[in-house]
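These notes concern the structure reproduced below.
Nothing in this text is a laboratory measurement; each read-out follows from the coordinates by a stated rule. Just so it is clear, the model here is predicted, and its values are computed rather than measured. Glycine also receives a Cβ, built like all others from the backbone with ideal geometry; neighbour counts cover every protein chain displayed.
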Amino acid sequence: MPKRIVIVGGGYVGLYTALRLQQCLRQGEAEVTVVNPENFMVYRPLLPEVASGTLEPRHAVVPLRAVLRGTRFIAGTLTGIDTDRRTATVEPTAGPPLTLEYDELVLGLGATSKLLPIPGLAEHGIGFNSLAEAAHMRDRVLGQLEIAAASDDPELRRRALTFVFVGGGYTGVEAVAELQDMAVDVLEGYPEIDRTEMRWVLVEAVDRILGTVTPDLAELATTELTARGIDIRLNTLLESAEDGVLALSDGTKFEADTLVWVAGTRPQTIVGQLGLPVDDRGRLVVDDTMRVNGHPNIWSAGDCAAVPDPEKGGTCPPTAQHAVRQAQQLGDNLLYTVRGRSVKPFRYNSRGEFVTLGKNKAVGEVLGRKVNGSLAWTLRRAYYATQIPTWNRTVRVLGDWLVGMPFGHDVVNFGSREQPRGAFEEAARTD
């Protein structure tokens, strides 16, 4: 009888584990089911370029049904598991709950924004973890430029043109860099606005940005951002955001209409409700083969799991590189398990890092060598173009990049798509 493998989550871990199984399983060895609320996987390293309009949003996602043709896909959300009966309960998009029996269960649930109890943050902030948030930020910046261009009120203009990002990790640095680069590039179309009126602030709680890369690489990025006028506040916390007035721990207070919270993530809430062992950060405790402690038929990796890092000690950083390699090893371990062979521990030593800072701007480290500027930018794009699953997506991404290279950023603001029934409702009111 075929083994039943259920994979919960359609991100890096879910997709790449399922791909590995799809490529290597023999006919009749196992039945694989993937459960995810959305029928696509977001390729998160490309979100900053979605935000800057360099990349079409649909090209930064991988359609799960199209890629996993030999796999059953269910659009739904995990609500619980029964480890004794080996069942997972799933709430589908519509209809009654489903009970899925499994022989092997993979939990690749990813993470969500980790909010702190800061007054006003929940009401005025926005994250940068999803495709919708990235696309919204592009429209947001362009919309704020329109507000400033149409007004002579200095307070309104100052508030509209102030953009604050809290969190100086990969996501925060790349988001502020790409969006600031886009805003400067499109100012030619806004003669009413001077570049010096825009204020871009990056707030970081520790003594440097990009804490997961080498200090030299972080310093290169800091130098580039500072030279472009981005105000980097180190050893600084956001203390309040009530009524759009931001108060920082260094005593600074100012008004801002745009507050982006990128100060860390946490596992999905459901992870702590499954009755499985978790660490002090809420991540599933797994061994070096990615088996959940005490549960030999449950596996986990990625942002929701504390995967041991054999190279540097501690646990693996929450990067795309590590998640993809973990998933590939996890897929192999599932194959070994199905075939009655011994599983292998996860081993991976990063070959390099890249941080995009806008068009033709990036810093990176490849095999111990520091690179920056156009070379780093080109190498980063080449790397991600070859890593995104399927040639279909690779061609689309390369097409967007090639078409955009000779031209500037587009100033079209599609903010109205967030209220698609707006025009219809207005027509109904006036009829």
D279, D84 arranged by Cβ crowding within 10 Å, fewest neighbours leading: D84, D279
At most 14 other Cβ within 10 Å, DSSP loop - trypsin sites (Lys or Arg not before Pro), the stretch 260-366: R281, K312, R339, R341, R347, R351
Qualifying trypsin sites (Lys or Arg not before Pro) in the stretch 3-52, DSSP loop, other Cβ atoms within 10 Å at most 12: R26
Length-normalised contact order for the stretch 288-404 - Cα pairs under 8 Å, 6+ apart - percent: 15
Where labels lie 7 Å past Cα in the beta-carbon direction, separation of S374 and T394 in nm: 2.5
Count, lysine Cα pairs under 23 Å in the stretch 279-397, 8 or more residues apart or across chains: 4
Folded to 0 to 90 degrees: helix 215-227 orientation relative to the chain principal axis, Cα: 30
Sequence of E242, E31 once ranked by neighbouring C-beta atoms within 10 Å, starting from the fewest: E242, E31
Binned Cα-Cα distance frequencies in the stretch 121-263 - 10 Å width, integer %: 11, 44, 37, 8, 0
CD proxy at 222 nm, helix term only [per DSSP H run n ≥ 4: -39500 (n - 2.57); per residue of the chain; nearest 500]: -10000 deg cm²/dmol
Equivalent-ellipsoid semi-axes of the chain, from the Cα gyration tensor, Å, largest first: 39, 25, 22
Of all DSSP beta bridges in the stretch 121-263, antiparallel share, percent nearest 5: 25
Tensor-based shape of the stretch 1-119 (alpha-carbon gyration tensor, a/c under 1.5 rounded, otherwise prolate or oblate): oblate
Neighbourhood charge, 12 Å Cβ-Cβ cut-off, centred on R4 and excluding it, Lys, Arg +1 and Asp, Glu -1: -2
Whether the stretch 220-269 is rounded, prolate or oblate, judged on the alpha carbon gyration tensor where a/c under 1.5 counts as rounded: oblate
Along each principal axis, Cα extent of the stretch 269-344, largest first, Å: 34, 28, 18
Residue with peak Gaussian network fluctuation, the chain [Cα springs, cutoff 10 Å], from F40, F254, F73: F254
